[in-house]
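First comes the structure, then the notes that go with it.
The values are calculated or read from the model by the stated rules, or taken from the named source; none is laboratory data. Computed from a predicted structure; not experimentally measured. Cβ placement follows ideal geometry from the backbone for every residue including glycine, while neighbour counts extend to all protein chains displayed.
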Amino acid sequence: MGAAYVGSIVGIHLYQQNAWWSGERGEFRIIDDWDYALSIDKVGHFFAPAILAHAFSVGLEAARVDYGTGIWISSAAALLFQLYVEFEDGFAKQWGFSTGDAIMDVAGAAYPVFQYYYPFLYNFQPRFSYLPSNLGKEGHNAGQKLIVVDDYEGQKFWLSVRVNNLFGKEFEKFWPDFLMLTVGYGVRELDGRGGGKSDIYIGFDFDYETIPLVGGFWQMLKNSFGFIKFPMPAVRITNGVAFFGLSF
């Protein structure tokens, strides 16, 4: 796990070095950029440590680390991973240490810990979907080739809800256990200067927990897929109502 953690940091550092930190370096500075990319990157900064914490916790659980202890270790490791990138950004003259990014990093890393102590929160699952939009194209930073994490227009972030768990057995009479409600956020037509469109979606999602497979391995797979939005019908309620038979 230590080797995987260090290797991941090295890989991220090499990418960031070429894509974001290749310009001039200067004194450490702090910036306030909540409106960057219409804030979708802030949502991503919540999601990233949450899924990183899950990845680390899977390894720790396989290494027979106590689950509760593993939650704290994996969340702390995910937060350190994210904050390392933020501090490196602080020395880049074109960027800076983003207080918004750091706040969302802390919130995302804390969420698995809160879920552990307050199981009610397991009914609210952050999820991610992606359909390439600008993948591989030049970014707004010179020399930057966009990868998945930078292709903001191809990303959507969702919060999927286990409806029956919230509303009780009476609701189960007409609401299938496998069906979740979800709210999503995406952006379009970003111009690199703060312009673009923010979109809100409401739709359905699939609860992987209802798949009738049991055992440690299968549970790990279901928990892992739980961070991915299943393509299902949705409606966009902003910038002109639009219905999607399959929303990614």
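What the table shows:
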| read-out | value |
| --- | --- |
| Filter result for the condition that a residue is free of Cβ contacts under 8 Å to residues at least 24 places away in the same chain and crowded, with 19+ Cβ neighbours inside 10 Å, over L146, L135, L80 | L146 |
| Test for S129: is it in contact with an Asp or Glu (Cβ under 6 Å, 6 or more places away or on another chain) and modelled with pLDDT of 80 or more | no |
| Among residues of segment 31-61, those that are closer than 24 Å to S75 by Cβ and either outside any helix (DSSP H, G or I) or hydrophobic (A, V, I, L, M, F, W, C) (or both), counted | 14 |
| Extreme residue, surrounded by the fewest Cβ atoms within 10 Å (Cβ to Cβ), among residues of segment 202-231 that are assigned to a strand (DSSP E or B) and in contact with a Ser or Thr (Cβ under 6 Å, 6 or more places away or on another chain) | G203 |
| Among the residues listed as G90, G100, the single one being more than 21 Å from the chain's Cα centre (by Cα) and in contact (Cβ under 8 Å) with a residue 24 or more places away in the chain | G90 |
| Checking F87 against (1) out of contact with any strand residue (DSSP E or B) (no Cβ under 9 Å at 6 or more places or on another chain); (2) surrounded by fewer than 18 Cβ atoms within 10 Å (Cβ to Cβ), the condition it does not meet | (1) |
| Among (1) of a type in the set (G, A, S); (2) in a helix (DSSP H, G or I); (3) more than 30 Å from L14 (Cβ to Cβ), the one test that G184 misses | (2) |
| Matching residues, segment 75-86, being among the small types (G, A, S) and either at pLDDT 95 or above or farther than 17 Å from Y116 by Cα (or both) | S75, A76 |
| Some residue of segment 228-235 being under 28 Å from L146 (Cα atoms), free of Cβ contacts under 8 Å to residues at least 40 places away in the same chain and in contact with a Lys or Arg (Cβ under 9 Å, 6 or more places away or on another chain) | yes |
| Check on G195, at negative phi, part of a loop (DSSP other than H, G, I, E, B) and of a type in the set (G, A, S) | yes |
| Condition met for F243 (closer than 27 Å to S39 by Cβ and at pLDDT below 95) | no |
| Sole exception among (1) under 22 Å from V161 (Cβ atoms); (2) free of Cβ contacts under 8 Å to residues at least 60 places away in the same chain for R188, by number | (1) |
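One line per residue, one yes/no per condition, for (1) at pLDDT 90 or above; (2) buried (at least 18 other Cβ atoms within 10 Å of the Cβ); (3) on the phi < 0 side of the Ramachandran plot; (4) not small (G, A, S):
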position	(1), (2), (3), (4)
I31	yes, no, yes, yes
H54	yes, yes, yes, yes
F91	no, no, yes, yes
S98	yes, yes, yes, no
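Quick grid of which residues meet (1) over 15 Å from Y130 (Cα atoms); (2) aliphatic (A, V, I, L, M):
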site	(1), (2)
W175	yes, no
G194	yes, no
F227	no, no
V235	yes, yes
S247	no, no
